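The values are calculated or read from the model by the stated rules, or taken from the named source; none is laboratory data. Please read these numbers as outputs of a predicted model, since none were measured by experiment. Every residue, glycine as well, gets a Cβ built from its backbone with ideal geometry; the counts of neighbours run over all protein chains shown. Each accessible area value is taken on the protein alone, full model and side chains, heavy atoms only, with ligands, DNA and RNA left out. Shrake-Rupley method; radii C 1.70, N 1.55, O 1.52, S 1.80 Å.
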Amino acid sequence: MLLKLKNCCKFRWRVVSDNNLEYRYMLSIKNLHASVNGKEILRGINLEINPGEVHAIMGPNGSGKSTLSSVLAGNPAFTVTEGEVLFNGKDLLALSPEARSCEGLFLSFQYPVEIPGVSMVNFMRAAVNEHRKYNGLPPMSASDFLKMMREKKEVVELDNKLANRSVNEGFSGGEKKRNEIFQMAVLEPKLSILDETDSGLDIDALRIVASGVNKLKSKDNASIVITHYQRLLDYIVPDFVHVLYKGKIVKSAGKELALELEERGYDWIKKELGENF
Amino acid sequence: MSTTESQYIDIYEKYSDTIFKNGVAVMNDCRQIAFDYFKDNGFPHSRAELYRHSKIKELFDFDYGLNLNRVKFPTSNNLFHCDVPINSYLCFLVDEAFYLPEKSKLEWDDLAKKGVLIGSIREMAQKYPDLVASYYHKAYGEKMDALVAFNTMFSQDGFFFYVPDGVVIDNPIQLICVSNANLPSISNPRNLVVVGDNAKASVLMCAHSLSNVESLSNTVTEVFVGENAHFDYYKLESTNAKSVSLSSFVLKQKGNSNVLINDMTLQNGFSRNNISVDLEGEGAELTLCGMVIGDSEQHTDNHTVVNHNVPNCVSKELFKYVLNDASKGAFSGRVFVAKDAQKTAAYQTNKNICVGKDAKMFTEPQLEIYADDVKCSHGASTGQMDETALFYLRSRGIPEAEAKMLLMFAFVNDVIENIRIDSLQDKIKLMVEKRFRGESSLCKGCNACK
């Protein structure tokens, strides 16, 4: 069993064994354990991501996909009990959520939060200027900021009016997800985690969101795409597909794995792992 | 009767000559009825339902002085200098005495030409005794209350504002109420506002404290709004920890009138605001809102009563509290719909967040409906800051303190948005933001509050 795993992710195995090479990765997760309310959800995750890569994480319900994204973003509701995460050589778990964002990590929420009374413009201005402050830059001028907002809105074909409304308040499911990608476009993260960005989207919205993500893709940034379905991966083509099951990555392969999962489901993997996994 | 009341009863009996001599006839005429009420009833005791969360009687145990001889405390000239960045007619109420500064941003003469009367209630009661007498203390009567009685017994001055029928005043009258005494004392300002039929006016009342000793102000404000009239009343309290502010506000609204009351408590010591509104003519519309920002051990208790006495009136009520540290807030709001007040629309909302671990909130929304064709709602919620929203903001790079500030600001924003004067709205937003940042919320534009 162990051998099999080793074989399918040769690349990973080689690197984990050589500590000196760690700095090469944008993100390196080692033996990550996390729990919520005393219940262990992540039971030893190992994952490395290089710039320019797109990693898809799939898995049955309750396998820990969203927990992984929450833990990486620093959601205080989750407790990390073991393991380490390096992001561009820095100890990610020691950073506050806001510092993680300023370091270039972005989480597109599965359920974006409605915040009545805070306008999108004020929210984004505060975020952009905090990022600039973190990087030792002066606040952006009002005209530059508005110009940038206009440009970025086009990435996801976001309605002008949405930007003047309160954050996500009264947005439809599709608008909320587009708004997430809009924020991603504005903040220009190095690593973006898209947590079930496809859920609740109709086909047109899915296409817009996916093309937004693709437009933002470059050789210097990377994405983790968490999804239930192969459909999204038709648009955002992953370099690697990982299967998360019971808090561990149990299978990693190229994009063809997603197609296989779509066809065969997860049962064959569960069977392979045996009942006592 | 306990010693708390008897000391004030003794003072009144012993010094009634002085009180009457220094008072004016119109006000003197009401003192005896008030005294009789006070003698019979005293302050509400600690178990009184309406004052459950504000122990009024104990407040009066403190050894305050009553300025019966109208001694003037030294005031600095700075007090009367004000350049608040809103266009307003400015006047002052220092402790209990009314001042009209010679210079104001806007000319008083323009108002005088229109027949508007504004000034000290004392002087106005001498100049226009019949006019003042026809309104003074008329909003009370059966509704007498210990605080109103106490004020009526001792009050000697206050703010009088009369807008004749059909007169429209676009800019607000700004009344700055300052407690300035250098000895612990009680002041009893008495305000009377009459807005005639088809008239339009607005009043901004800023309460501040310049004294560094204990002070108690027991204000009574009576407002009469005529048919088709528009009236906005903004009250902004920004005092200090040693201030006790008791306020009784009563409003009588005639048909098709439109009134907005916005009661904002930014910084205070102990406050109890009684707001009572009678909708007395069909088609009257009332927006009653308020917010409280509390920290340290501030205590703020708003008690509102809206009486729908006639059909076809609308009232919208919204109160929001943000309580930090160990501050305490209380809200009790009653909407009363009389038997024949059909087609009433009355909405009441009270939302609160306890940010501080030791902060406490007590809320009692009440509806009392005797009509059968009405639209009424009431709701109250008290909770902590929304953790998911906080994380969402932080995940975009906004630091925790800043994110909390944004959320608290957003929470009270819909109360601020009710302000119908744009420049005032901007100014309040600034003050509230400063307040949440922990800076002094006092308005920097005005020397009275420096």
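Conditions tested, residue by residue: (1) in a strand (DSSP E or B); (2) free of Cβ contacts under 8 Å to residues at least 12 places away in the same chain; (3) out of contact with any strand residue (DSSP E or B) (no Cβ under 9 Å at 6 or more places or on another chain); (4) within 26 Å of A:F78 (Cα to Cα).
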{"site": "A:K177", "(1), (2), (3), (4)": "no, no, no, yes"}
{"site": "A:L194", "(1), (2), (3), (4)": "yes, no, no, yes"}
{"site": "A:S199", "(1), (2), (3), (4)": "no, no, yes, yes"}
{"site": "A:S211", "(1), (2), (3), (4)": "no, no, yes, no"}
{"site": "A:K215", "(1), (2), (3), (4)": "no, no, yes, no"}
{"site": "A:V237", "(1), (2), (3), (4)": "no, no, no, no"}
{"site": "A:V241", "(1), (2), (3), (4)": "yes, no, no, yes"}
**Q.** Options B:K316, B:K328, B:K320, B:K339; residue that is among the basic types (K, R), surrounded by fewer than 19 Cβ atoms within 10 Å (Cβ to Cβ) and touching a strand residue (DSSP E or B) at 6+ places or on another chain (Cβ under 6 Å)
**A.** B:K316
Q | B:T382 within 7 Å of chain A (Cβ to nearest Cβ), open to solvent by 50 Å² or more (accessible area, probe 1.4 Å) and more than 26 Å from B:A201 (Cβ to Cβ) | A | no
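Looking at A:V156, A:V85, can you tell me which residue is surrounded by 18 or more Cβ atoms within 10 Å (Cβ to Cβ) and either at the interface with chain B (Cβ under 8 Å from one of its Cβ atoms) or in contact with a Gly (Cβ under 8 Å, 6 or more places away or on another chain) (or both)? Step through it out loud before you land on a result.
Values: A:V85 fails: either at the interface with chain B (Cβ under 8 Å from one of its Cβ atoms) or in contact with a Gly (Cβ under 8 Å, 6 or more places away or on another chain) (or both).
Every option except A:V156 fails the conditions.
If the requirement is being out of contact with any Pro (no Cβ under 6 Å at 6 or more places or on another chain) and either farther than 23 Å from B:D95 by Cα or open to solvent by 20 Å² or more (accessible area, probe 1.4 Å) (or both), which of these qualifies: B:V132, B:V148, B:V116?
Working: B:V132 fails: either farther than 23 Å from B:D95 by Cα or open to solvent by 20 Å² or more (accessible area, probe 1.4 Å) (or both); B:V148 fails: either farther than 23 Å from B:D95 by Cα or open to solvent by 20 Å² or more (accessible area, probe 1.4 Å) (or both).
Being out of contact with any Pro (no Cβ under 6 Å at 6 or more places or on another chain) and either farther than 23 Å from B:D95 by Cα or open to solvent by 20 Å² or more (accessible area, probe 1.4 Å) (or both) holds for just one of B:V132, B:V148, B:V116, which is B:V116.
Of all residues in the stretch B:397-421, count the ones that are over 21 Å from the mean Cα position of the chain (by Cα) and in a helix (DSSP H, G or I). Explain how you work it out, then say what you get.
Initial filter on the stretch B:397-421 (over 21 Å from the mean Cα position of the chain (by Cα)): B:397-411.
Okay, now just the ones that are also in a helix (DSSP H, G or I), so B:400-411.
Counting residues in the stretch B:397-421 that are over 21 Å from the mean Cα position of the chain (by Cα) and in a helix (DSSP H, G or I) gives 12.
Out of A:L92, A:L105, which single residue is open to solvent by less than 30 Å² (accessible area, probe 1.4 Å), more than 10 Å from chain B (Cβ to nearest Cβ) and modelled with pLDDT of 95 or more? Before you say what the answer is, go through the steps one by one.
Values: A:L105 fails: more than 10 Å from chain B (Cβ to nearest Cβ).
Only one candidate passes the filter, namely A:L92.
I'd like the full set of residues that are touching a residue at least 60 places away in the same chain (Cβ under 8 Å) and either basic (K, R) or under 27 Å from A:S199 (Cβ atoms) (or both), limited to the stretch A:71-91.
Let us first name the residues in the stretch A:71-91 that are touching a residue at least 60 places away in the same chain (Cβ under 8 Å), namely A:72-73, A:86-89.
Matches in the stretch A:71-91: A:L72, A:A73, A:F87.
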Q: Pull up the stretch A:124-136, narrow it to residues that are more than 7 Å from chain B (Cβ to nearest Cβ) and open to solvent by less than 30 Å² (accessible area, probe 1.4 Å), then point me to the one that is farthest from B:E387 (Cα to Cα).
A: A:V128
Q. How do the strands (runs of 3 or more DSSP E) wholly within the stretch B:164-205 filter down when requiring 1 or more residues that are buried (at least 18 other Cβ atoms within 10 Å of the Cβ) and hydroxyl-bearing (S, T, Y): which remain?
A. B:173-179, B:185-187
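Restricting to the stretch A:173-195, name every residue that is among the charged types (D, E, K, R) and either open to solvent by 20 Å² or more (accessible area, probe 1.4 Å) or over 27 Å from A:K90 (Cα atoms) (or both). First the steps, then the outcome.
If we filter the stretch A:173-195 for residues that are among the charged types (D, E, K, R), which is where we start, we get A:175-178, A:180, A:188, A:190, A:195.
Hits for the stretch A:173-195 are A:E175, A:K176, A:K177, A:R178, A:E188, A:K190.
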Q. Can you spot a residue in the stretch B:57-67 that is assigned to a helix (DSSP H, G or I), modelled with pLDDT of 85 or more and not acidic (D, E)?
A. yes
Q | Counted residues, the stretch B:409-442 - those being within 14 Å of another protein chain (Cβ to nearest Cβ) and in contact with a strand residue (DSSP E or B) (Cβ under 8 Å, 6 or more places away or on another chain) | A | 11
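Yes or no: B:L266 under 22 Å from B:L430 (Cα atoms) and either open to solvent by 10 Å² or more (accessible area, probe 1.4 Å) or modelled with pLDDT of 95 or more (or both)?
On the way: under 22 Å from B:L430 (Cα atoms): yes; either open to solvent by 10 Å² or more (accessible area, probe 1.4 Å) or modelled with pLDDT of 95 or more (or both): no.
Against the criterion (under 22 Å from B:L430 (Cα atoms) and either open to solvent by 10 Å² or more (accessible area, probe 1.4 Å) or modelled with pLDDT of 95 or more (or both)), B:L266 does not qualify.
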**Q.** For A:P60: the one exception among (1) farther than 21 Å from A:V213 by Cβ; (2) surrounded by 15 or more Cβ atoms within 10 Å (Cβ to Cβ); (3) within 14 Å of another protein chain (Cβ to nearest Cβ)
**A.** (3)
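Which one of these is at pLDDT 95 or above, at negative phi and away from chain A (no Cβ under 14 Å): B:K360, B:K351?
Details: B:K351 fails: away from chain A (no Cβ under 14 Å).
Exactly one of B:K360, B:K351 is at pLDDT 95 or above, at negative phi and away from chain A (no Cβ under 14 Å), namely B:K360.
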(Q) Quick test for you: out of B:L393, B:L406, pick the one residue that is within 14 Å of chain A (Cβ to nearest Cβ), in contact with a strand residue (DSSP E or B) (Cβ under 7 Å, 6 or more places away or on another chain) and without any contact (Cβ under 8 Å) to a residue 60 or more places away in the chain. (A) B:L406
Q: Can you work out which of the residues in the stretch B:243-263 that are over 14 Å from the mean Cα position of the chain (by Cα) and assigned to a strand (DSSP E or B) is modelled with the lowest pLDDT?
A: B:S243
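Look at A:L162 and say whether it is open to solvent by less than 40 Å² (accessible area, probe 1.4 Å), away from chain B (no Cβ under 14 Å) and touching a residue at least 40 places away in the same chain (Cβ under 8 Å).
On the way: open to solvent by less than 40 Å² (accessible area, probe 1.4 Å): yes; away from chain B (no Cβ under 14 Å): yes; touching a residue at least 40 places away in the same chain (Cβ under 8 Å): yes.
Yes; evaluated as a whole, the condition is true for this residue.
Scan the stretch A:196-232 for residues that are on the phi > 0 side of the Ramachandran plot and crowded, with 19+ Cβ neighbours inside 10 Å and jot them down. Steps first, answer last, please.
Looking only at the stretch A:196-232, we keep the residues that are on the phi > 0 side of the Ramachandran plot, and these are A:196, A:200.
If the condition is that a residue be on the phi > 0 side of the Ramachandran plot and crowded, with 19+ Cβ neighbours inside 10 Å, then A:E196 is the only one that fits.
Would you confirm whether any residue within the stretch A:262-270 is in contact (Cβ under 8 Å) with a residue 24 or more places away in the chain, of a type in the set (F, W, Y) and open to solvent by less than 40 Å² (accessible area, probe 1.4 Å)? Explain how you work it out, then say what you get.
Narrowing the stretch A:262-270 to residues in contact (Cβ under 8 Å) with a residue 24 or more places away in the chain: A:262, A:266, A:269-270.
Those left that are additionally of a type in the set (F, W, Y): A:266.
Within this subset, residues satisfying the condition of being open to solvent by less than 40 Å² (accessible area, probe 1.4 Å) are none.
Taking every residue of the stretch A:262-270 in turn, none turns out to be in contact (Cβ under 8 Å) with a residue 24 or more places away in the chain, of a type in the set (F, W, Y) and open to solvent by less than 40 Å² (accessible area, probe 1.4 Å).
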Q | Filtered residues of the stretch B:1-44 (kept if within 22 Å of B:Y135 (Cβ to Cβ), of a type in the set (A, V, I, L, M) and outside any helix (DSSP H, G or I)) | A | B:V24
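Which of the residues spanning the stretch B:45-56 are outside any loop (DSSP other than H, G, I, E, B) and open to solvent by less than 100 Å² (accessible area, probe 1.4 Å)? Steps first, please.
Narrowing the stretch B:45-56 to residues outside any loop (DSSP other than H, G, I, E, B): B:49-51, B:56.
Within the stretch B:45-56, B:L50, B:Y51, B:I56 qualify.
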Q) Could you list, in sequence order, the residues of the stretch B:97-147 that are at pLDDT 85 or above, assigned to a loop (DSSP other than H, G, I, E, B) and among the acidic types (D, E)? A) B:D145
